[in-house]
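Below is one structure; the comments refer to it alone.
What follows draws every value from the coordinates through simple rules; no lab data is involved. If you're wondering where the values come from, they're calculated on a predicted model, not measured in any experiment. Methodologically, a virtual Cβ is constructed for each residue, glycine included, from the backbone with ideal geometry; neighbour enumeration extends over all protein chains shown.
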């Protein structure tokens, strides 16, 4: 209703049910190839969230608070979707850096080659380091007296957060990158 | 639509425009006096947010992203409202701890006396210490290499956050407490 899905970094889970925005359109600077608009892997993100991620984050059963759960699910799904679809921008930046390098694989529509080309182990290791650091920082439980502790309690295991990134978030982002690159030379 | 305002710790800003929940009602344990349901200072919170808090948090002018701004405003207003209306639960706990002490002032409907009785300078100082600590922890900017710094950059000035608590959030919470206590002995 406020037009979030007109923004190139937002992707609806139910595109067929969008309301018309009540606000005048914002004119975004166009940095992506127009094929980007047709790439949306939210159905896959939905399945990964409910089948793989959520069972690792909560205990089985119902506490009866379906409304609150649905609100949290929505927030997390939208955050995951946004983070993963940033792959379009990452891919565009990589392509602009070395267009010749990518063009051959794009013309051959060679998915495996593209996946190989856009994978930088070192960058992925750094992402995981940052994720661990963020889990340690933002996952802190602040005690009643706010005294700094050497080993403060955490809301979530940093290892688990790193695992979620390693097994799902990074691969899904790269999947978006490949989707995008495959169409990067479309007329 | 998911029934959040049926929960005793949530307060609508537009109670006259609520949709009927689509979920079956949740049965909450009743810990508050029933007068609690009629206490809602969201109109005041709205004014404080737009007139006092927001001008301290943003630069003047428009960046054109009205939709995103409205979403952020909504999130913050609901968080403020929730935090401030927790005063009902705080007041109930204080009353149960010393019912005789509070009853005289309630019977006399003596607002000033109640405000004085429920003010604990030491507790307020501790709240401000925790707020500062949280601003320092959760307001951190995590650099690209996630290396720990002695003096890390912050998204927001901790002093400002403490000031917002001191001047508005704590007084508004106490206002809810007084409202609640004044009605605590209603038949």
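List of remarks:
- The criterion of at least 3 residues that are closer than 25 Å to residue A:71 by Cβ and in contact (Cβ under 8 Å) with a residue 12 or more places away in the chain is met, among helices (runs of 4 or more DSSP H) falling completely within region B:36-101, by B:42-48, B:66-85, B:87-97.
- Residue check, residue A:172 surrounded by 19 or more Cβ atoms within 10 Å (Cβ to Cβ), within 19 Å of residue A:113 (Cβ to Cβ) and touching a helix residue (DSSP H, G or I) at 6+ places or on another chain (Cβ under 9 Å): no
- For the residues B:136, B:118, B:149, the requirement of being touching a helix residue (DSSP H, G or I) at 6+ places or on another chain (Cβ under 6 Å) and free of Cβ contacts under 8 Å to residues at least 40 places away in the same chain singles out B:136.
- With respect to (1) more than 28 Å from residue A:182 (Cα to Cα); (2) within 14 Å of chain B (Cβ to nearest Cβ); (3) surrounded by 13 or more Cβ atoms within 10 Å (Cβ to Cβ), the lone exception for residue A:54 is condition (2).
- The residue of region A:73-94 that is nearest to the chain's Cα centre (by Cα), among those that are within 14 Å of chain B (Cβ to nearest Cβ), surrounded by 13 or more Cβ atoms within 10 Å (Cβ to Cβ) and more than 30 Å from residue A:185 (Cβ to Cβ), is A:78.
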